[in-house]
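The values are calculated or read from the model by the stated rules, or taken from the named source; none is laboratory data. Computed from a predicted structure; not experimentally measured. Cβ placement follows ideal geometry from the backbone for every residue including glycine, while neighbour counts extend to all protein chains displayed. Side chains are part of the model used for accessible areas, which takes the heavy atoms of the whole protein and leaves out ligands, DNA and RNA. Shrake-Rupley method; radii C 1.70, N 1.55, O 1.52, S 1.80 Å.
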Amino acid sequence: MSLLFKGRGNQAASQEKSAVLKLYFFVLTLFRHGVHSLGEMWRTPMASIMTILVLGLSLTLPTTLFVVVKNVQKVSSGFQEAAEISLFVKEEISEQETKTLVKRLGLYPEVESVNFISQAQALDEFKQISGFGQALDYLEENPLPSVVLVTPTKRHRGAESAQLLLEKLESEREIEFGKLDIEWLERLNALLGLLKESVFTVGVLLLSAVVLIIGNTIRLSIMDKKEEIQVLKLVGATNTFIHTPFLWTGIWYGIVGGLVAFICVTLMLWWLESAVSLVVGVYQSSFVLEGLNLSELMFLLWLAILLGFIGSYLSVRKYIREIEPEKV
Amino acid sequence: MAIASAFFGLDMIKFDQVSKTYPGGHMALEKVSFELGRGELAFLTGHSGAGKSTLLKLISLMERPSAGKVSINDVDLNSISNRQVPFVRRDIGIIFQNHRLLERYNVFDNVALPLVIEGTHRKHITKRVNAALDKVGLLDKVKCQPSTLSGGEQQRVGIARAIVNSPPLLLADEPTGNLDPELSMEILSLFEDFNRHGTSVLIATHDLGLIARMKYRSLTLEHGRMLQDPLAIDPLKDDFLGGHA
């Protein structure tokens, strides 16, 4: 061990150790530092709690946005594949002709199923959904056309192929015009894309804030322990030895901040649940608000740990180097 | 010790035409050359600003010389990289005028610091810390906080920290600066005791009265130059130099 005095290593504490034992002691020291720095945070609870809360909130926002995107995606994925083509039948076409049309359409290789909604059926449905009810009885004649609902096969459900199919179907003699429910799908997709993009941007900004917050906290802690660092350097501590506790502190901040964010998001979801179920009730769909699953929680924690490490590493690199014992 | 040193022909510390100029242009040391033999105890004196601190800083690698060569145990310190500096410092026990204890820790933890840094096993740490505190006569203060101790006691804790890993070389910068003569003598007799066990000791002090009472060599700095002190003719000195002649 000793650079200047050969053989002093034996006399000093570092007796000959095998590589495995050395590794064991290295890991042991690492853990000891970890526990120690946790204890340190415990001893200054106010400062630690403030920092942790700021970190937790900074992590909560991107996590919430992520949960929102996830749920919106879940809702919209129900629509993505159900591209349905509505074909409006010309008024002058008789019922018999319509029936043959339905059969003919069913034979298309691109078509999976055909569903016919007669004028009367359409009116009934409209009465039920719209709530106009009896008001519609005053109409002299049914204003609604007969509709043929065509569901394309899986291969033809994409935006482009469905458009081609629509053109083909529109060329049928009996069809007035067709409508592909694709525009709103495209809009939804564009909106979703925008949402994802903004979540990403906001996320990057907030995560950088986390790095800076941790970096600054560690910087203050380094300044606070300036004298201690000087003494450590004087009695022969390596930079690794001096850096490790601060890096651990950053990591602990990350872990606890990540947990705070998780708790915040869970509480928020719990709070929102009743509101969501109200909305879901209106839309008559079965939708359950989804929170973070285990792997996402793990990812959040790892990310927080990584950010904590980066933040503290940046501070440690910059500021501990500057602290040199200037006076003997 | 003197015989051993002469036999091996090794100096503990050797300065060879060492100059140090600080960035501002202030020349703190100018072509200083001297040797401290193995197992020797010597004083380093001079007015404040004469370069004593700079000289000690060059030995403990807090500063690097602008010119010349500093060696410890015949190892050229210019060949030591910044990364290796901590390992060099582990071979040097340093004692400061203001003792530099960490207020957050108790006496035991303060003294244990150099051992913890080296990764010593806990079992050995307890044993050696107790031994070091026993040597300075503070075994009963193990659990105390440094701030509750008197100045002399704090200084002795600092000494215990410096010797806990039995370094071959001890440097002390004004170790008696804040103490009354009686306590100063006590501290000095501690250094003598370590020296008797083979440790080389270099003590920087401006307390000339103290030096006069002891029969050790003294190196005098004046305006960055080394003077020979005619008062301190050490009968052993010839032996030390003789090894190289």
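Take segment B:113-170 and flag every residue that is among the acidic types (Asp, Glu) and open to solvent by 50 Å² or more (accessible area, probe 1.4 Å).
B:Asp134, B:Asp140
Considering only residues that are without any contact (Cβ under 8 Å) to a residue 24 or more places away in the chain and open to solvent by less than 50 Å² (accessible area, probe 1.4 Å), which ones fall in segment A:178-197?
Selection gives A:Gly193 alone.
With respect to B:Glu174, determine if the residue is of a type outside the set (Phe, Trp, Tyr) and surrounded by 16 or more Cβ atoms within 10 Å (Cβ to Cβ).
yes
When only residues in segment B:54-76 that are facing chain A (nearest Cβ under 9 Å) and hydrophobic (A, V, I, L, M, F, W, C) count, which is nearest to the chain's Cα centre (by Cα)?
Of everything passing the filter in segment B:54-76, B:Leu56 is nearest to the chain's Cα centre (by Cα).
Could you please let me know if A:Leu259 is open to solvent by 80 Å² or more (accessible area, probe 1.4 Å) and within 24 Å of the chain's Cα centre (by Cα)? Let's see the steps before the verdict.
Values: open to solvent by 80 Å² or more (accessible area, probe 1.4 Å): no; within 24 Å of the chain's Cα centre (by Cα): yes.
Answer is no for this residue.
Among what's in segment A:288-328 and is within 14 Å of chain B (Cβ to nearest Cβ) and part of a loop (DSSP other than H, G, I, E, B), pick the residue that is nearest to A:Lys226 (Cα to Cα).
The residue in question is A:Ile323.
Among the numbered criteria (1) modelled with pLDDT of 90 or more; (2) within 9 Å of chain A (Cβ to nearest Cβ); (3) within 27 Å of B:Glu35 (Cα to Cα), which one does B:Leu113 miss?
(3)
Is at least one residue of segment A:94-114 hydroxyl-bearing (Ser, Thr, Tyr), touching a Ser or Thr at 6+ places or on another chain (Cβ under 8 Å) and either in a loop (DSSP other than H, G, I, E, B) or farther than 18 Å from A:Leu169 by Cβ (or both)?
No - not one qualifying residue is present in segment A:94-114.
What single numbered condition from (1) modelled with pLDDT under 90; (2) open to solvent by less than 50 Å² (accessible area, probe 1.4 Å) fails to hold for A:Ala209?
With (1) modelled with pLDDT under 90; (2) open to solvent by less than 50 Å² (accessible area, probe 1.4 Å) applied to A:Ala209, the lone miss is (1).
Being at pLDDT 90 or above and closer than 23 Å to B:Lys57 by Cβ narrows it down to one of B:Pro167, B:Pro146, B:Pro175, so name that one.
On the way: B:Pro146 fails: closer than 23 Å to B:Lys57 by Cβ; B:Pro175 fails: at pLDDT 90 or above.
Checking each option against the conditions leaves just B:Pro167.
Which is in contact (Cβ under 8 Å) with a residue 24 or more places away in the chain, buried (at least 20 other Cβ atoms within 10 Å of the Cβ) and part of a strand (DSSP E or B), of B:Leu44, B:Leu55?
Values: B:Leu55 fails: part of a strand (DSSP E or B).
Checking each option against the conditions leaves just B:Leu44.
Looking only at segment A:284-292, decide whether some residue is open to solvent by 70 Å² or more (accessible area, probe 1.4 Å) and at pLDDT 80 or above. Give the derivation first.
At the first step, the residues of segment A:284-292 found to be open to solvent by 70 Å² or more (accessible area, probe 1.4 Å) are A:284, A:286, A:288, A:290.
In the following step, the residues that additionally are at pLDDT 80 or above were identified as A:290.
The answer is yes; a qualifying residue exists.
Find the residue count for segment A:177-200, including only residues that are of a type in the set (S, T, N, Q) and either modelled with pLDDT under 75 or outside any helix (DSSP H, G or I) (or both).
Residues of segment A:177-200 that are of a type in the set (S, T, N, Q), as a first pass: A:189, A:198.
Checking which are either modelled with pLDDT under 75 or outside any helix (DSSP H, G or I) (or both) leaves us with none.
So the count comes out to 0.
Go through the residues of segment A:212-223 one by one and say whether even a single one is within 14 Å of chain B (Cβ to nearest Cβ), polar (S, T, N, Q), free of Cβ contacts under 8 Å to residues at least 60 places away in the same chain and open to solvent by 30 Å² or more (accessible area, probe 1.4 Å).
As a first pass, look at segment A:212-223 and keep what is within 14 Å of chain B (Cβ to nearest Cβ): A:221.
Filter once more, so that each one left must be polar (S, T, N, Q): A:221.
Within this subset, residues satisfying the condition of being free of Cβ contacts under 8 Å to residues at least 60 places away in the same chain are A:221.
Within this subset, residues satisfying the condition of being open to solvent by 30 Å² or more (accessible area, probe 1.4 Å) are A:221.
There is at least one residue in segment A:212-223 that is within 14 Å of chain B (Cβ to nearest Cβ), polar (S, T, N, Q), free of Cβ contacts under 8 Å to residues at least 60 places away in the same chain and open to solvent by 30 Å² or more (accessible area, probe 1.4 Å).
Could you please let me know if B:Ile125 is among the β-branched types (Val, Ile, Thr) and within 11 Å of chain A (Cβ to nearest Cβ)? Spell out the reasoning first.
On the way: among the β-branched types (Val, Ile, Thr): yes; within 11 Å of chain A (Cβ to nearest Cβ): yes.
Yes.
Within segment B:77-103, track down each residue that is buried (at least 19 other Cβ atoms within 10 Å of the Cβ), closer than 19 Å to B:Phe191 by Cβ and either more than 8 Å from chain A (Cβ to nearest Cβ) or not charged (D, E, K, R) (or both).
Once the filter is applied, which keeps residues that are buried (at least 19 other Cβ atoms within 10 Å of the Cβ), closer than 19 Å to B:Phe191 by Cβ and either more than 8 Å from chain A (Cβ to nearest Cβ) or not charged (D, E, K, R) (or both), segment B:77-103 yields B:Ile92, B:Gly93, B:Ile94, B:Ile95, B:Phe96, B:Gln97, B:His99, B:Leu101.
Assuming A:Leu272 fulfils every condition listed in (1) hydrophobic (A, V, I, L, M, F, W, C); (2) in contact with a helix residue (DSSP H, G or I) (Cβ under 9 Å, 6 or more places away or on another chain); (3) surrounded by fewer than 19 Cβ atoms within 10 Å (Cβ to Cβ) apart from one, which condition is it?
Going through the list (1) hydrophobic (A, V, I, L, M, F, W, C); (2) in contact with a helix residue (DSSP H, G or I) (Cβ under 9 Å, 6 or more places away or on another chain); (3) surrounded by fewer than 19 Cβ atoms within 10 Å (Cβ to Cβ), A:Leu272 breaks only (2).
Quick one: would you say B:Asn130 is within 30 Å of A:Leu30 (Cβ to Cβ) and within 14 Å of chain A (Cβ to nearest Cβ)? Spell out how you get there, then give the answer.
Values: within 30 Å of A:Leu30 (Cβ to Cβ): yes; within 14 Å of chain A (Cβ to nearest Cβ): no.
Spelling it out, it is not the case that B:Asn130 is within 30 Å of A:Leu30 (Cβ to Cβ) and within 14 Å of chain A (Cβ to nearest Cβ).
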